[in-house]
Amino acid sequence: MSSPFLVRPFRPGDEETLPELWSTCLPADPISSSRLVDRILLDANFDPDGLLVAEAQARLIGFVLAIVRRVPLPGGSSGRRNGSDSKTGGDGDADCGWITAFGVRPEWRRQGVGRALLDRALGFLREHGRRQVLVSQYAPNYFVPGVDPVAYPAAIPFLTGLGFSPSAEVVAMDCDLAGVGILPADVRARQLSLVAEGVEFGRLTPRLLVPLLRFAETNFGADWAQSIRDGLLRGGPPERIIVAHRGDEILGYCMYGLYDRPVERFGPFGVHPSWRGRGIGKVLLHICLREMKGQGLHHAWFLSTGENSPAARLYRQLGFVVSRKFIMLQREL
């Protein structure tokens, strides 16, 4: 017979023990106290009733974090995605909630703790009028874009047993910057050809800030524009954003060290649909990786792209390799 436990919402004082609980339950994705405050407690959409913990004998033994968007993204576009290369628009989050993390201490697994936590989390989402729940990217404060089936092999069977079904797969990629040098001859030739057409490549300037925000929101979604705002408002240097433009028209951009603070985190990275296939992305990526190496960084990494997407093929050409795979899941409520 399983030991008794209690499921309850977050309350003051839990923040002292949650980092240890989280890091024990999710060893591939540990969290520090400062990151818990920054990414969860200070999130405008955080609701203490959505951060549920299981407690036994005055000790936290499990948790789940459920999110309902209470503050719309500027521009109204949804942050819900099935992969890094797609977006939805309009009020696409009105019926949607997220499970962004959950876990149970190893010695308490298979005793009904995880099911009790998820049942309460789904109830929280229903109470807020959600009709669908996603285990996937949530803008702006997701930790991983889905479930890593290698790091957590029991998670997918557990979730499918609760009615979830896989909806997409994405990969994280890493690049060792030791191999990054001068622009290859073909890339330099492509850059010169684009420059002859009036395309310029360079660091973000104040003049281009508003066009860049409009470009990101229009072509990729409000969460992309918000990632630029958040990074700059936190004091990130605008020089970490590399843009391709023709006059005041933005054709593409990439950035590093502005999304979620880690300086080696690369992205987002995007090119205007009508300019894809002309080498702008390859030039931007080469310039950005050289900038990163010039800042003394040794690696570049990001969490989400389609494994067989055009972007992933470009990343591989520059030395990126797949480091993790994630499965996104969803369920109707």
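The numbers here are math on the coordinates, done by the rules we state, and not lab data. If you're wondering where the values come from, they're calculated on a predicted model, not measured in any experiment. Virtual Cβ from ideal backbone geometry, glycine too; neighbours counted across all protein chains shown.
Assess whether Glu332 counts as being closer than 30 Å to Phe124 by Cβ and either exposed (fewer than 15 other Cβ atoms within 10 Å of the Cβ) or without any contact (Cβ under 8 Å) to a residue 60 or more places away in the chain (or both). Judged against the criteria, Glu332 is a match. Looking only at residues of segment 160-212 that are in a helix (DSSP H, G or I) and among the hydroxyl-bearing types (Ser, Thr, Tyr), we find that the one that is farthest from Gln295 (Cα to Cα) is Thr160. None of Trp301, Trp224 is in a helix (DSSP H, G or I) and touching a Lys or Arg at 6+ places or on another chain (Cβ under 9 Å) except Trp224.
Just to check your reading of the model, which residue among Glu264, Glu239, Glu249, Glu291 is in contact (Cβ under 8 Å) with a residue 24 or more places away in the chain and under 20 Å from Val170 (Cα atoms)?
After applying the criteria, what remains is Glu264.
Going by the conditions given, is Val283 touching a Lys or Arg at 6+ places or on another chain (Cβ under 8 Å) and not in a helix (DSSP H, G or I)?
Against the criterion (touching a Lys or Arg at 6+ places or on another chain (Cβ under 8 Å) and not in a helix (DSSP H, G or I)), Val283 does not qualify.
Beta carbons closer than 8 Å, at least 6 apart along the sequence or on distinct chains, pair a first residue in segment 170-189 that is charged (D, E, K, R) with a second that is buried (at least 17 other Cβ atoms within 10 Å of the Cβ) and part of a loop (DSSP other than H, G, I, E, B) for Asp174/Phe320.
Just a yes or no: is a residue in segment 34-53 over 17 Å from Thr100 (Cα atoms) and under 23 Å from the mean Cα position of the chain (by Cα)? Yes, there is a match, as at least one residue in segment 34-53 is over 17 Å from Thr100 (Cα atoms) and under 23 Å from the mean Cα position of the chain (by Cα).
Restricting attention to segment 179-194, does a residue exist that is farther than 16 Å from Ile280 by Cα and surrounded by 16 or more Cβ atoms within 10 Å (Cβ to Cβ)? Yes: one or more hits. All conditions but one from (1) in contact (Cβ under 8 Å) with a residue 60 or more places away in the chain; (2) hydrophobic (A, V, I, L, M, F, W, C); (3) surrounded by 20 or more Cβ atoms within 10 Å (Cβ to Cβ) apply to Phe143; the one that does not is (3).
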